[in-house]
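Data first, discussion second: the structure below is written as structure tokens.
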Amino acid sequence: MENLLISENPLHPLNPCSSHVGKIAAISISKKKGIPKSNVDFAQLIENHGIKGDAHAGNWHRQVSFLAMESIKTMREKGLPKLRPGAFAENITTEFINLPGVQVGNKIKIGNEVELEVTQIGKECHTRCAIYFKVGDCVMPSDGIFAKVVKGGTIYVSDEVRVED
């Protein structure tokens, strides 16, 4: 029975796929910085730039941001049951990957063509966000992952996401 539970739970530490393969739960973009992003079905990633049409795209090290759906669920349990992907201004919300275990320099591959390189883990929160003031905590400073686009292409919700050392 225990082995069945391990193999069914991709985040279980004894599952050999526990932190390396997952999927995109949501893709989110915005035209302005500092606001929650809107969910879209697909996005175009541009090499050395980021997501086409997103305010955070540009020639810098935080072109694309990631947050795990599991982190959003944690915040829902803390008193924000309607919290949705994109509310933390993350571009890509993943499922079944231990994003907090990802390290700077790891490669993230999405679908068959897109490749990103992790450049930063977490971020300093200079001004507390509305989520922090409502529940006294925010996961983006600790659980958020930032990356630059190494190889561009189109990504879709439900695409496979793989983390490589």
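Here, each number is a calculation from the coordinates, and none is a lab measurement. Quantities reported herein were computed from a predicted structural model and do not represent experimental measurements. Cβ placement follows ideal geometry from the backbone for every residue including glycine, while neighbour counts extend to all protein chains displayed.
Here LYS31 is the anchor, and the lysines within straight C-alpha reach of less than 22 Å, apart from those fewer than 8 places off in the same chain, are LYS52, LYS123, LYS148. In whole percents, the pair-distance distribution calculated for the stretch 18-164 from its alpha-carbon pairs, binned every 10 Å from zero, is 13, 48, 34, 6, 0.
Tell me, MET69, MET75 in order of fewest to most beta-carbon neighbours within 10 Å? Mind dumping the intermediate values first?
Details: MET69 19, MET75 22.
Least to most surrounded, the residues fall as MET69, MET75.
Distances between placed amide hydrogens fall under 5 Å for ASP159 paired with ILE24, all partners being 5 or more residues away or on another chain.
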